[in-house]
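Asks: Structure provided below as structure tokens; questions to follow.
The values are calculated or read from the model by the stated rules, or taken from the named source; none is laboratory data. From a predicted model like this one, the values you see are computed outputs, not experimental measurements. Quick reminder, even Gly has a Cβ in these numbers, built from the backbone with ideal geometry, and neighbours come from all protein chains shown.
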Amino acid sequence: MQFEIVTIFPGFFAGFFEHGIVRRAQTESLVTVNVHDLRTFTHDRHRTVDDRPFGGGEGMVLKPEPLAEALGSMGIAAKAARANEENSAATRAATRVILMSAQGRPFTQAVARELAGVERVVMICGRYEGVDERINQLYCDMELSIGDYVLSGGELAAAVVLDATMRLIPGVLGNEASGEFESFGVADADIATDESGVPRSQYGAGGLLDYPHYTRPAEFDGMRAPEVLMNGDHLQIRRWRREQQLRKTLANRPDLLERAALNEEDRRLIQAIRKEAGTAIP
Ligand code: SAH
């Protein structure tokens with residue numbers, strides 16, 4: 001899989017690429033990342049990438065021409081031209097052009113999964129007040145926001161999308177399955193055990209948040225790790241983890257429960273947790 005990032009700060013990504021899974025995926029050639037310096041695609045002495053907004057108001061706007069030229073250098077034509085191309089469906093499936101934008105649709109694990117199936121993901125990083133809207137309309141397949149807050153540039157957002165997407169590409173994570181079994185996962189509880197029947201480290205999330213994790217020492221700062229995790233009873237461990245997932249989701253992201261795959265036992269647990277917390281049961 002290939003990522004292309006268009007930015008006025010190409011140096012921004014250096015540290016990010018040098019560590020952990022992002023680095024390993026690149027050295028193992030599972031992922032290629034090309035960073036394109038927008039200023040390369042300017043032709044004036046000052047290498048101007050921005051200009052004042054039409055209609056007045058604060059700040060500057062990234063000009064359309066250098067961005068169009070940067071995309072052109074990657075062989076990406078405007079959407080209308082792409083639609084006319086022979087086998088355009090195949091071309092579209094192979095490449096996604098994304099505008100990083102606070103006005104975009106929310107980036108979620110589901111979007112990451114969708115992008116992990118695409119051959120080439122192109123991300124345009126805005127700066128200042130943003131990017132001339134015609135670039136969005138003419139070239140971009142989607143606008144993505146990483147959250148309801150405003151960043152000063154699209155670079156952090158592009159790094160977030162790259163990281164979350166890349167780790168879902170087969171072979172990138174050490175444990176093939178772990179992407180399915182963590183927070184926001186889609187795993188089916190029935191297959192969420194390894195050969196020995198031990199629940200996987202990130203067991204059957206089913207749209208819930210992950211359960212809490214513990215490692216040695218068994219006692220730390222006067223706190224013992226939960227006994228249930230040490231007794232080797234896989235059924236008990238599984239039940240405990242599921243309950244913890246429900247507790248955490250209920251406390252931090254109750255909105256996720258509405259869409260999560262819940263069984264009868266889950267519902268009973270939720271009622272019990274709510275009762276315990278003194279919350280009214282709907
Ligand atoms: N005027 C814009 C904010 C511009 S911030 C607005 O109010 O929506 C400058 C750039 O940072 C944007 O062009 C975008 O590329 C990036 N950016 C800011 N917040 C973002 C977010 N939540 N998600 C993704 N990109 C974001």
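Asks: Quick check on residue 173: is it part of a loop (DSSP other than H, G, I, E, B) and either more than 16 Å from the ligand (Cβ to nearest atom) or in contact (Cβ under 8 Å) with a residue 12 or more places away in the chain (or both)?
Replies: yes
Asks: Now for a separate question. Can you say whether residue 132 is in contact with an Asp or Glu (Cβ under 9 Å, 6 or more places away or on another chain) and at negative phi, as far as the supplied structure shows?
Replies: Yes, satisfied.
Asks: Check 81, 68, 94 and return the single one that is modelled with pLDDT under 95, assigned by TED's automatic domain parsing to the domain that holds residue 119 and out of contact with any Asp or Glu (no Cβ under 9 Å at 6 or more places or on another chain).
Replies: When all the criteria are applied, what remains is 81.
Asks: For segment 206-263, which positions are more than 26 Å from residue 274 (Cβ to Cβ) and surrounded by 14 or more Cβ atoms within 10 Å (Cβ to Cβ)?
Replies: 225
Asks: For residue 22, state whether it is without any contact (Cβ under 8 Å) to a residue 60 or more places away in the chain and in contact with a helix residue (DSSP H, G or I) (Cβ under 9 Å, 6 or more places away or on another chain).
Replies: Here the answer is no, as residue 22 does not meet what is asked.
Asks: Residues being within 14 Å of the ligand (Cβ to nearest atom) and in contact (Cβ under 8 Å) with a residue 60 or more places away in the chain: count how many of those fall in segment 141-162.
Replies: Selection size over segment 141-162: 7.
Asks: Does residue 88 satisfy the criteria of being at pLDDT 95 or above and exposed (fewer than 14 other Cβ atoms within 10 Å of the Cβ)?
Replies: Considered against the rule, which asks whether it is at pLDDT 95 or above and exposed (fewer than 14 other Cβ atoms within 10 Å of the Cβ), residue 88 comes out as no.
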